[in-house]
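What follows is a single structure, written as structure tokens, with notes after it.
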């Protein structure tokens, strides 16, 4: 089954392997090497991860998806973490479905996740709008960048 987009996104178009299983559309995640349920948020995650790898040079080996992090004693799950080659967190990302607006609460969610990791960059996207911030650790503040930089520019 070839890929047919759930929703046209504000990203280049990519191909994905899809299949139906028990009444659900499944997508083969090339990075995690497994079939995942295709939800609107997963569609955004898959397209953004492929965009970062193909168009921005982010190494697949330095990206991890949907891993747990403990925040204020609660187990949470970030959508994407990009690491530097030395293993330090470089960018954390939070993805929402295309129909979910990106507002301050979504950005705050990603920043809360980052309070434990202290990645220098935070990316938030619903596939239509993409926001990336840079952390100034000394000032304890974030500033928005105009575009998602290539991997090498973040190092």
- Query: If the chain between residue 30 and residue 147 were fully stretched, how many nm would it gain, using 0.36 nm times the residue separation less the Cα-Cα distance?
  - Reply: 39.6 nm
- For the pair residue 86 and residue 17, the simple spin-label estimate (label points 7 Å beyond Cα toward Cβ) gives in nm 3.7 nm
- Looks like region 40-154, by Cα gyration tensor root eigenvalues a ≥ b ≥ c and the a/c under 1.5 rounded cutoff (else prolate when a/b is bigger than b/c, oblate otherwise), is rounded
- Query: So what's the angle, to the nearest 10 degrees on a 0 to 90 scale, between helix 40-56 and the longest Cα principal axis of the chain?
  - Reply: 70 degrees
- Message: Taking a ≥ b ≥ c as the square roots of the Cα gyration tensor eigenvalues, with a/c under 1.5 meaning rounded and otherwise prolate when a/b beats b/c, else oblate, which class fits region 14-84?
- Response: oblate
- Message: Rounded to whole Å, give me the distance from the Cα center of region 98-119 to that of region 1-53.
- Response: 22 Å
- Item | Burial ordering of 33, 56, fewest other beta-carbon atoms within 10 Å first | 33, 56
- Query: On a 0 to 90 degree scale, rounded to 10, what angle separates helix 104-117 from the longest Cα axis of the chain?
  - Reply: 70 degrees
- Sorted by Cβ density within 10 Å, fewest first, the residues 29, 79: 29, 79
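Coordinate-derived values only; no laboratory data. Everything numeric in this text was worked out from a predicted model, so none of it was measured. Quick reminder, even Gly has a Cβ in these numbers, built from the backbone with ideal geometry, and neighbours come from all protein chains shown.
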